[in-house]
Amino acid sequence: AKEDGRGTYRFFETGMDARAQARRLLELDLRAALQRNEFEVYYQPIRDVAKDVVVGFEALVRWNHALRGMISPANFIPLAEETGLIVPIGDWVLRQACMDAARWSRDVGVAVNLSPVQFKNPNLVLTVKEALKASGLPPQRLELEITESVLLQNSEATLSVLHELRAFGVRISLDDFGTGYSSLSYLRSFPFDKIKIDRSFVTELATRDDSMAIVRAVTGLGKSLGIVTTAEGVETDEQFDLLRQEGCTQAQGYLFSPPRPATEVETMLSKARAQ
Ligand code: C2E
Ligand code: CA
Ligand code: CA
Ligand code: CA
């Protein structure tokens, strides 16, 4: 038993080492990825529910690693946030998304995700203004998606940054709505332009009464506050029909399209939903 215990301990220690080492390697790779041009922005269409047309795209970063292939953001954003690398990566995504959107054949919006870490950078407002200026994209076409966690940290400074961006014409969306702790109070702390209803509620829309009740409440809230509501992760016609009945403003999900490379935006723009 003693030997077992020691063996287990050693194994555990080795396991930790291997994990720590894998992390260090990933971090080195991540540092080099920008120079190597390994990031790519994919775009997922957002549709107006009543009109059933594309009204914008969400920019979602991908890491096309030379050896490991396409890496999903879930597998590198957390490390990028811990190491601060999300700041240069996020800046790159922002500039790229603005440049891409400025060339689209229709004046639809582009939504870019901002990490809470990017709000610690005192140059955030300047970075956004420069990305708009360099691309020629009108500020009104840019949407920045933030989660509640952004408002948790240093909220005075964060709120003033958000107000400054909004005064400049950029729209601000509250992402993943309903997954945090005190969602409703955040709606009072800042005049958001849009609420994105988290996929977890949309997924269970047809199967759970409570999810239906929550979606109904949020779309109702959006209507009375004059805030656009976007449902995330719409995968079935049944979900889409329920969202339309509830008066949800916009919908996004695999039912319409997964995120696709920038070269496919024009195809997504011209395609009607019925294919
Ligand atoms: P998010 O902002 O909530 O983005 C929506 C995610 O849901 C995307 O995953 C999208 O591909 C996925 N999705 C869309 N429709 C459906 C659907 O119908 N079903 C299912 N199962 N999934 C759907 P993705 O691209 O893997 O991104 C994951 C997360 O990584 C994002 O969640 C966001 O938090 C983060 N992320 C992505 N790009 C960026 C970025 O440029 N900057 C920052 N800071 N975070 C990013
Ligand atoms: Ca988002
Ligand atoms: Ca989301
Ligand atoms: Ca999410």
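Derivation of every value follows stated rules applied to the coordinates shown; laboratory data play no part. The structure displayed is predicted, hence computed values, not measured ones. In this analysis, Cβ positions are derived from the backbone assuming ideal geometry, glycine residues included, and neighbour counts consider all displayed protein chains.
Estimated at 0.36 nm per residue, the fully extended path between Ala66 and Ala22 surpasses their Cα-Cα distance by 14.2 nm. Once backbone amide H atoms are built at 1.01 Å from N, Ile46 has Val55, Gly56, Phe57, Glu58 as its partners under 5 Å, excluding neighbours fewer than 5 places away on the same chain. Residues of the stretch 229-247 with an amide N closer than 17 Å to a point placed 7 Å from the Cα of Tyr254 along the Cα-to-Cβ direction: 232-240. Extending 7 Å from Cα along the Cβ direction at Glu266 and again at Arg244 yields two label points whose distance is 3.0 nm.
Packing order of peptides 220-233, 129-142, highest average first: 220-233, 129-142 (average count of other Cβ atoms within 10 Å over each peptide's residues).
Close amide H partners of Ile195, meaning residues 5 or more places away or on another chain with modelled amide H under 5 Å apart, are Leu174, Val228, Thr229, Thr230.
3J(HN,Hα) along the stretch 193-201, derived from phi through the Karplus expression 6.51 cos²θ - 1.76 cosθ + 1.60 where θ = phi - 60°, amounts to 8, 8, 10, 9, 6, 4, 3, 4, 6 Hz, with x in place of Gly and Pro. Take the alpha carbon gyration tensor of the stretch 104-211, find the square roots of its eigenvalues, order them as a ≥ b ≥ c, and report rounded if a/c is under 1.5; if not, report prolate when a/b exceeds b/c, else oblate. Oblate, since a/c reaches 1.5 and b/c is not below a/b.
Using the Cα centre of the chain as origin and beta-carbon charges of +1 (Lys, Arg) and -1 (Asp, Glu), tell me which of Thr127, Gly56, Ser224 is placed farthest towards the positive end of the dipole. Value computed over the given set: Thr127. A Förster radius of 41 Å, combined with the Cβ-Cβ distance separating Ala50 from Leu79, puts the computed FRET efficiency at roughly 0.50.
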